[in-house]
Every structure is written in C-alpha cells, then in structure tokens.
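Below you'll find the structure, written out as structure tokens, and then a few comments.
The values are calculated or read from the model by the stated rules, or taken from the named source; none is laboratory data. This structure is a prediction, so every number in the text was calculated from the model and none was measured. As a convention, Cβ positions derive from the backbone with ideal geometry for all residues, glycine included, and neighbour counts pool all protein chains shown. Ligands, DNA and RNA are stripped out before the accessible areas are found, and what is left, the full protein with its side chains, is counted by its heavy atoms. Shrake-Rupley method; radii C 1.70, N 1.55, O 1.52, S 1.80 Å.
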Amino acid sequence: MIEWLYLAVQAAALAMSAWFFVDTARSRQVGRRHFVGVAVLEALLLVQLAVSIAIVPGEAGGGKALFFSYLVTTILVPVAACFWGSIDRSRWGIGTVAASGLIVAALLLRVHQIWELQIHV
C-alpha cells in the first residue's frame, strides 16, 4: 500500500463520517450531497484497490487472500450503507451511512496491518 494514499482514504472516510454525524444530529435525510460524498470515498477506495493489485507480488499465499477480502469488503460497506440509508427515512438513515465511514476506517486499519505484517512488500 502506498502510505499517503492509505492516509488520504482514512482521512476521507473519517471526514465523511463526521459530516454525516453532524447531519444525523440535525435530523437530515440522505440526499444528493451525501451520495456525492460516498462516491468520492468509493473512488478513493477503488484507486486503493487498483494500486494494491498493481503492486502485490504474483505468488500465492502470504496473506494476499485475506488482504484482498478485507479490501473488497471495505469497498462494499459504504455502498450497502448508502442503500440502507436511502431506504430509511428516519434520522437514523444518515446515521447508518455515517457509521459506515467509521467501519471503513477500521477495515482500512486492518488492511494496513495485513500489508505490513504478512505481505512484506
């Protein structure tokens, strides 16, 4: 993983989460601006996936399956939360999407640990 890209994605996930938690406190519903925020995070996560595919060595083993399973799950979490949040019209719909930012940050931390401790690139 490229360190600055990892940190940029972490910062984007946490910033999105903070923004959405403020909107949760204001009892806002999921709107177009929230979808744009999730789309920016998704774009960064897809760049992270593409870069990871490019720089991981080709041999099997060494935690690569675990690494990519966490990374793909990280990409799917905001999409699922956004879908769920758009269906739920209470104030907690946006709270679900806000929580997904924290989940992404935690999953990325685990992805970074797997990268550092098992893949050794």
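Surface exposure of the chain, expressed per residue as accessible area with a 1.4 Å probe, stands at 52 Å².
Computed from Cα positions, the angle between helix 64-87 and the longest principal axis of the chain comes to roughly 10 degrees.
Measure nothing but the geometry: give the 0 to 90° angle between the long axis through the Cα atoms of 3-25 and the longest principal axis through the Cα atoms of the chain, rounded to 10°. Tilt relative to the chain: about 20 degrees. Length gained on full extension, L109 to A54, computed as 0.36 nm times the residue gap minus the Cα-Cα distance: 17.8 nm. Here the accessible area of the chain is 71 percent carbon and sulfur, with a 1.4 angstrom probe and all protein chains present. Highest mean packing comes first when the peptides 39-52, 7-20 are listed by Cβ atoms within 10 Å, giving 7-20, 39-52.
Modelled this way, with points 7 Å down the Cα-to-C-beta line, the labels at R33 and L46 are 2.4 nm from one another. Cα gyration tensor of the stretch 51-91, axes a ≥ b ≥ c as square roots of the eigenvalues: rounded (a/c below 1.5), prolate (a/b > b/c) or oblate? The shape class here is prolate. Taking Cα atoms only, the orientation of helix 32-55 departs from the longest principal axis of the chain by about 0 degrees.
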